[in-house]
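The values are calculated or read from the model by the stated rules, or taken from the named source; none is laboratory data. The model shown is predicted, which means the values in this text are computed figures rather than measured ones. Virtual Cβ from ideal backbone geometry, glycine too; neighbours counted across all protein chains shown.
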Amino acid sequence: MPAHVLAFHVMVTPETVSPGDIFLLQTAAGPYTSASAEFMGKTIKLHRTENNRLLAFVPVDVNTTPSKYNLLVNVGEDTFPSTVTVQSKEFETIHLTLPEGKVTLSPENQKRAADEAELLNNIWKLNNDKKWNGGFSKPLSTEISTEFGVKRIMNKKKTSVHRGMDFRGKEGTPVKSLNAGTVVLNKDLFYGGNTLIIDHGMGLYAVYMHLSEFRAAKGDKVAKGQTVGLVGMSGRATGPHLHLSVKLNGVSVNPESLFKLEL
Ligand SMILES: [Zn+2]
């Protein structure tokens, strides 16, 4: 899809998205030192890059109603209005059976899951400088077993939207970092099992779950394609696979839409 020129130097790619997607907003920095965008009631900071551009990734929540939405870019004294179209998308519904203790939580596990949710929410609040470089690549070359956005009915009663992407993988298969970044968490979590989180900067985080082993630790700077863990089935998993989540400004986005961006 061609990038759409909003004004003399503001671009949105792609200009039509599906619920759960990410889009890229960019402008030549010119004399401006800062810029921000307004989209769906949220303010998004644009980051300056090494080649003198200002850019931001913008998330579209999976529950967004298909429509045209206004996008305002504020650069210096100027405001550039435009729209982004969110098209409708059908998400599949699947049934799965899990150990009952992982679906109906004991009071201790409820407390643990709530504490861990808070720990993660505090991570998403950080919006650090750009660490990624060039396009984002897949962590495994295997096929996808469960796509992003699939509605799952667990043990015939509890429903949850799958806010990540599952890659098939044998236990012990090396998992690669999507891009350059810094490890901000490696911890055994109730749902995610051994979970590794990489901060790519600009509010973007990659979350790798159910690992059998970590190959990187909190504070490590990692390169694109570097092995950061091994496939496993720790936490709430029915078999060995990699669950990859991508969080942008606290919103879970479809990793596929990130892989498609030309950066
Ligand atoms: Zn998953």
Worksheet entry | Among the residues listed as LEU140, LEU120, the single one being crowded, with 16+ Cβ neighbours inside 10 Å, part of a helix (DSSP H, G or I) and either outside the structural domain of GLY235 (by TED's automatic domain parsing) or not charged (D, E, K, R) (or both) | LEU120
Worksheet item: Could we say that LEU98 is outside the structural domain of ALA216 (by TED's automatic domain parsing), surrounded by fewer than 16 Cβ atoms within 10 Å (Cβ to Cβ) and not in a strand (DSSP E or B) here?
Response: yes
Discussion item. Name the single residue that is surrounded by the most Cβ atoms within 10 Å (Cβ to Cβ) among those in region 143-190 being part of a strand (DSSP E or B) and among the acidic types (Asp, Glu).
Written reply: ASP166
Discussion item. Every residue in region 36-52 that is more than 20 Å from the chain's Cα centre (by Cα) and within 17 Å of ILE22 (Cα to Cα), please.
Written reply: SER36
Worksheet entry | Matching residues in region 240-263 - criterion: being within 11 Å of the ligand (Cβ to nearest atom) and more than 17 Å from the chain's Cα centre (by Cα) | HIS241
Worksheet item: Can you find a residue in region 1-10 that is at pLDDT 95 or above and either within 29 Å of ASP166 (Cβ to Cβ) or not in a loop (DSSP other than H, G, I, E, B) (or both)?
Response: no
Item to complete: Any residue in region 144-159 that's within 10 Å of the ligand (Cβ to nearest atom): show its pairings with residues that are hydroxyl-bearing (Ser, Thr, Tyr) and not in a loop (DSSP other than H, G, I, E, B) at Cβ separation under 7 Å, as long as the two are six or more apart or on different chains.
Response: ARG152/THR159; ARG152/SER160
Worksheet item: Can you name the condition, by its number, that GLU171 falls short on among (1) out of contact with any Pro (no Cβ under 7 Å at 6 or more places or on another chain); (2) assigned by TED's automatic domain parsing to the domain that holds ARG215?
Response: (1)
Worksheet item: Out of curiosity, is LEU55 surrounded by 12 or more Cβ atoms within 10 Å (Cβ to Cβ), at pLDDT below 95 and within 20 Å of the chain's Cα centre (by Cα)?
Response: yes
Practice prompt. Could you please give the count of residues in region 58-69 that are surrounded by fewer than 22 Cβ atoms within 10 Å (Cβ to Cβ), touching a Phe, Trp or Tyr at 6+ places or on another chain (Cβ under 8 Å) and over 20 Å from VAL161 (Cα atoms)?
Written response: 1
Discussion item. Can you find a residue that is more than 12 Å from the ligand (Cβ to nearest atom), more than 15 Å from PRO139 (Cβ to Cβ) and buried (at least 18 other Cβ atoms within 10 Å of the Cβ) anywhere in region 202-219?
Written reply: yes
Worksheet item: If you take the residues in region 222-239 that are within 16 Å of the ligand (Cβ to nearest atom) and buried (at least 21 other Cβ atoms within 10 Å of the Cβ), which one is farthest from the chain's Cα centre (by Cα)?
Response: GLY232
Worksheet item: Just wondering, is there one or more residues in region 191-199 that are touching a strand residue (DSSP E or B) at 6+ places or on another chain (Cβ under 6 Å), crowded, with 17+ Cβ neighbours inside 10 Å, among the small types (Gly, Ala, Ser) and in a loop (DSSP other than H, G, I, E, B)?
Response: yes
Worksheet item: Name the pairs whose Cβ atoms lie under 6 Å apart, with the first residue in region 31-56 and without any contact (Cβ under 8 Å) to a residue 12 or more places away in the chain, the second polar (S, T, N, Q) and part of a strand (DSSP E or B), and 6 or more positions between them or separate chains?
Response: THR43/SER36
